Amino acid sequence: MKMSIVGTGMIVKELLPVLKELDLTLDAILATEHSQSKGEALSQTYGIRNVFTDYDLLLASDCDAVYIALPNHLHYTFAKKALEKGKHIIIEKPIVPHLAELYSLYELAKNNNLIILEAMNIHYLPAYADLKNKINDIGDIKIVQLNYSQYSSRYDDFKKGIIHPAFDKEKYGGALMDLNIYNIHAIIGLFGSPKTFSYSANIEKGVDTSGILSLDYPGFKVSSIGAKDCKAPIINTIQGTTGNIVIRTPLNSMTKFTINRNDGASEELDFNQGKHRHFYEFKKFNEIIDDNDTAAANTMLDISMQAVRILESSRMTP
């Protein structure tokens with residue numbers, strides 16, 4: 001795969017060393033005029049062939065896929081334009097704010113034999129893959145509690161009136177979109193869509209700075225917390241009739257989990273292979289795009305659609 005990158009932010013800087021481990025070509029990076037020096041520095045460090053400040057010029061190049069790592073409100077327009085130019089797209093989470101937008105992108109991709117992927121690494125982590133297989137080991141599921149609470153340094157600015165995209169209601173910021181989205185994907189990947197759901201949030205300046213998403217499944221309940229205005233020790237638990245599973249890291253960086261059985265037996269399963277948390281997803285993305293594996297892409301896109309439905313229905317409309 002020959003890939004171009006749109007954006008020069010923190011997630012791009014974190015991802016580039018990972019991409020260098022994979023069998024793909026970094027064709028170009030798109031910067032703004034303001035961030036052009038950042039783009040050039042990243043180009044020199046990671047061997048990216050071209051630096052553009054004009055998106056049309058990037059799309060006119062011969063790259064196969066475009067990875068969009070921009071603020072949430074820009075995902076749809078940049079993705080649509082890439083598809084119209086015949087490029088596969090990988091969109092940073094959350095994929096788009098509205099379900100209608102995602103359906104529109106899907107139809108465009110389908111009609112042009114192109115692939116859409118959401119950069120949601122949870123589904124590709126070895127520990128998560130095994131977790132899906134071990135769920136049945138703890139009997140009938142009754143209670144699931146997930147908590148991704150991470151005090152944001154940008155929250156201090158937010159209180160002073162300096163609004164970054166992660167806290168900007170007009171740019172689809174907030175705790176639900178930024179952190180609870182990981183929990184939502186993990187839940188859907190394990191259990192599918194809930195029967196019903198509701199979101200109770202702490203709202204400041206029109207945006208959710210923290211909140212609790214409650215999901216109702218046949219036979220069990222899920223509580224999913226995401227917070228950017230406070231923090232707590234990370235612990236995620238899945239409780240069944242014959243035992244429980246405990247994960248003591250955010251789900252997007254899980255490498256191990258513990259199974260505790262009601263008879264007192266306990267087993268820790270460790271899948272740490274020394275790889276960065278983004279390694280597995282982009283390795284898979286590379287394979288999907290190189291093989292034009294639309295079936296695998298559409299399986300993952302269905303999860304993204306279910307997640308966007310929950311996001312759109314739960315958050316306050318900007």
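The values are calculated or read from the model by the stated rules, or taken from the named source; none is laboratory data. Fair warning: this is a prediction, and the values are worked out from it, not measured in the lab. In this analysis, Cβ positions are derived from the backbone assuming ideal geometry, glycine residues included, and neighbour counts consider all displayed protein chains. Just so you know, the surface numbers come from the protein's heavy atoms only, side chains and all, with ligands and any DNA or RNA stripped out. Shrake-Rupley method; radii C 1.70, N 1.55, O 1.52, S 1.80 Å.
Remarks
- When K228, K171, K85 are compared by accessible area at a 1.4 angstrom probe, the order from most to least is K85, K171, K228.
- Listed residues R49, R248, R277, most fluctuating in the chain (Gaussian network, C-alpha, under 10 Å): R49
- Percentage relative contact order, the chain, counting C-alpha pairs under 8 Å, at least six apart: 19
- For I91, the residues whose modelled amide H falls within less than 5 Å of its own, excluding neighbours fewer than 5 places apart on the same chain, are I68, L117, E118, A119.
- Each residue of the stretch 306-313 is assigned a 3J(HN,Hα), and the resulting list reads 5, 5, 5, 4, 5, 4, 5, 6 Hz, derived from the Karplus form 6.51 cos²θ - 1.76 cosθ + 1.60 (θ = phi - 60°), x at Gly and Pro.
- For the stretch 123-272, averaging the sequence separation of C-alpha pairs within contact (under 8 Å, six or more residues apart) and dividing by the residue count gives a relative contact order of 31 percent.
- Dipole size of the stretch 123-272 about its Cα centre, with +1 on Lys/Arg Cβ and -1 on Asp/Glu Cβ: approximately 240 debye, rounded to the nearest 20.
- DSSP bridge pairs, the chain: antiparallel proportion in percent, nearest 5: 55
- Size of charge dipole - the chain - debye, nearest 20, with Cβ of Lys, Arg +1 and Asp, Glu -1, no other charges: 660
- Along the axis of the charge dipole computed for the stretch 1-138 (Cβ charges of +1 for Lys and Arg, -1 for Asp and Glu, origin at the Cα centre), the listed residues I116, L57, G39 are led at the positive end by I116.
- Rounded to the nearest whole Hz, the Karplus-based 3J(HN,Hα) values (6.51 cos²θ - 1.76 cosθ + 1.60, θ = phi - 60°) of the stretch 10-16 follow the sequence 4, 5, 5, 5, 6, 7, 4, with x at glycine and proline.
- Residues whose placed amide H lies under 5 Å from that of K85, excluding near-sequence neighbours: none
- Amide H contacts of N50: A28, I29, each under 5 Å away and 5 or more positions distant or on a separate chain (H built 1.01 Å from N in the peptide plane; Pro and chain starts excluded).
- Over the stretch 184-302, Cα pairs under 8 Å with separation of 6+ residues give a relative contact order of 11 percent.
- Volume per residue of the C-alpha convex hull in the chain, rounded to whole Å³: 130
- Phi to ³J(HN,Hα) by Karplus 6.51 cos²θ - 1.76 cosθ + 1.60 over the stretch 31-40, Hz, x for Gly, Pro: 10, 7, 4, 5, 9, 4, 5, 5, x, 5
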